[in-house]
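Any read-out appearing in this document is the output of simple, stated calculations on the displayed coordinates, not a laboratory observation. Every value quoted in this text rests on a predicted model; they were computed, and no experiment measured them. Quick reminder, even Gly has a Cβ in these numbers, built from the backbone with ideal geometry, and neighbours come from all protein chains shown.
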Amino acid sequence: MGRTVNLHFLVILALLSLSSQFFVTEASCKRQFKRFYHFKELAWGDENSWSDIDGDWIQDPEEKLSPCILVAISFFKGRVIAVGDEGFLSNVLIDEADNLKLGINIINWLAQARGNNYRILFDASHNELEDINSDDPWLGYSKFAEGLRELGYIVERNTRKIDWSTLHKYDVLVINAPNKRFLPSEIVAIVHFVLNGGGLFLIGEWHMSEHQHVSKTLNPLAAFFGIKFNEDTVCDLDDYWIEGPQYPIIHIFTDHPILKDVNEIYYYLGCSIEKR
Ligand SMILES: [Ca+2]
Ligand SMILES: [Ca+2]
């Protein structure tokens, strides 16, 4: 298995960071912690967007404006990207706006953490909504997989219980809108994978989808990386790619390698994300 990072060390580090008197100064403590964990928001809905909780597609006073939809995390040797919508990479939307560009940039950035050996594993063992073997316009990631293979990536599909013996052969693990919960042993294997330089791409879904509820399926895993998928739908009053505020165009981005040459994303019924 090679040299691995001990999970306990992370816990001890977190505890020490909360008790900064053990360090010379609080600032130095924060710097130490930042070397091992860094959370960055990357994209938001614009000033006319909101996090719709009650599903009426109207901005109510308690519903947050301009919610975050995309985050990047550095976690010891590994990296995590979380986005709130699986549909923007589906066959029907991947060639629209800069959706494919963003998908490719995300995989490139995640794979680089481990030295870019180009081995990507899409999980299909938790009843994920999108499948790389499917040509279905709304439920297939076949075009995304094809785009990655054209760039030299080895793209495979996992149908077994997730464990280290599988994960150690890959550089990036992709999990999209699962509706089956992860076993504790699978969560441990995935955290271990990221601690040791793996890339993890977590993809959510809007909260009123009948397919799954990320609060129950993805959040118990995402929590280990300080990520929370919210139970909402990101809506926009007037900036949408087809009629309806639940299909917003995302065009507010910060500076990050995965956003190079990305100006516009068509979002298809997705949730927002925040730091846990
Ligand atoms: Ca509302
Ligand atoms: Ca969606």
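About the Cα centre of region 37-275, how large is the charge dipole given +1 on each Lys and Arg Cβ and -1 on each Asp and Glu Cβ? Please answer in debye to the nearest 20. The partial results should precede the final answer.
Values: 19 positive and 38 negative charges, 381 e Å.
Using Cβ point charges on Lys, Arg, Asp and Glu, region 37-275 gives about 1820 debye.
Listing Asp261, Asp163 from the residue with the fewest other Cβ atoms within 10 Å to the one with the most, what is the order? The partial results should precede the final answer.
Details: Asp261 8, Asp163 16.
Taking fewest neighbouring Cβ atoms as first place, the list is Asp261, Asp163.
Add -39500 (n - 2.57) for each DSSP H run of 4 or more in the chain, then divide by its residues: what number comes out at 222 nm, to the nearest 500 deg cm²/dmol? Provide the component values of the computation, followed by the final result.
Numbers: 8 runs with 70 residues, N = 276.
Per the formula, -7000 deg cm²/dmol.
Kindly point out which whole DSSP H helices in the chain project their C-alpha atoms 18 angstrom or further along the helix axis while averaging a Kyte-Doolittle hydropathy of -0.5 or above. Walk me through the numbers before you get to the answer.
Values: long enough: 99-112 (20 Å, 0.54).
What comes out of the filter, once short or polar helices are dropped, is 99-112.
Label-point separation (nm) for Ile187 and Asp255, each offset 7 Å from Cα along Cα-to-Cβ?
3.7 nm
If each residue's Cβ is checked for other Cβ atoms within 10 Å, how do His126, His256 rank with the fewest at the top? Write down the numbers at each step before the final one.
Working: His126 22, His256 17.
So the ranking, lowest neighbour count to highest, is His256, His126.
Any chance you could run the full-extension gain for Ile53 through Asn117? It's 0.36 nm times the residue separation minus the Cα-Cα distance, nm to one decimal. Intermediate values should be presented prior to the final figure.
Numbers: separation 64, 0.36 × 64 = 23.04 nm, distance 4.08 nm.
Taking Ile53 through Asn117 to full extension adds about 19.0 nm, to one decimal.
Can you pull the percent of Cα pairs in the chain with separation above 25 Å? Please list the in-between numbers first.
Details: 16637 of 37950 pairs.
Pairs farther apart than 25 Å: 44 percent.
Residues in region 195-215 near a label at Val92, defined as backbone nitrogen under 16 Å from the 7 Å Cα→Cβ point?
The answer is 206, 209-211, whose backbone nitrogens lie closer than 16 Å to the label point.
Sorted from fewest to most neighbouring beta carbons within 10 Å, what does the list Arg119, Arg35, Arg79 look like?
On the way: Arg119 15, Arg35 10, Arg79 25.
So the residues, fewest neighbours to most, are Arg35, Arg119, Arg79.
Just need the relative contact order of region 76-141 here, percent rounded to a whole number, with Cα pairs under 8 Å and 6+ apart.
Numbers: 59 pairs, mean separation 25.7, N = 66.
Normalised by residue count, the contact order of region 76-141 is 39 percent.
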